[in-house]
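One structure is given below, encoded as structure tokens.
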Amino acid sequence: MIKETLKIFSQNVRKNKTLMNVILENNKNTIDVILVQEPPKSLICRVPSHTNSLGEPIYGTPNYPDWTLFIRQDPILRPDIIDHCNINILAFHSGQHINFVINVYSDNNQNALQFLN
């Protein structure tokens, strides 16, 4: 289904797993795109290692069944437009148009904002 409009929600969850789950559950039928800053990470598994007898830990963000990468459409990341670790540009096809969404994380040093200036 092609949508003419996108509903976008952006939130810094400060690595809070409960808040992340609440946002995903409460918005699964109303929001098309959720931009998450500071998502929680938890141990997924350990993989064999020659240097660690317990194995190397692999961490990841929560997996939620109603969301694919926490979005409802497949975006196209566009580092060719802006290539910065705190700035993500996503392109979404909506009808005959391409919509761009910029997610900017402003750290304590405001690196992304200075980069955009």
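The values are calculated or read from the model by the stated rules, or taken from the named source; none is laboratory data. Given the structure is predicted, the values throughout are model-derived calculations rather than measurements. Note that each Cβ is placed from the backbone with ideal geometry, even for glycine, and that neighbours are counted across all protein chains shown.
Identify, please: which residue in region 30-49 is surrounded by 12 or more Cβ atoms within 10 Å (Cβ to Cβ) and of a type in the set (A, V, I, L, M) and is, among those, farthest from residue 104 (Cα to Cα)? Step by step, filter region 30-49, then rank; the result is 44.
The single residue among 52, 27 that is more than 18 Å from the chain's Cα centre (by Cα), surrounded by 10 or more Cβ atoms within 10 Å (Cβ to Cβ) and at pLDDT 90 or above turns out to be 52.
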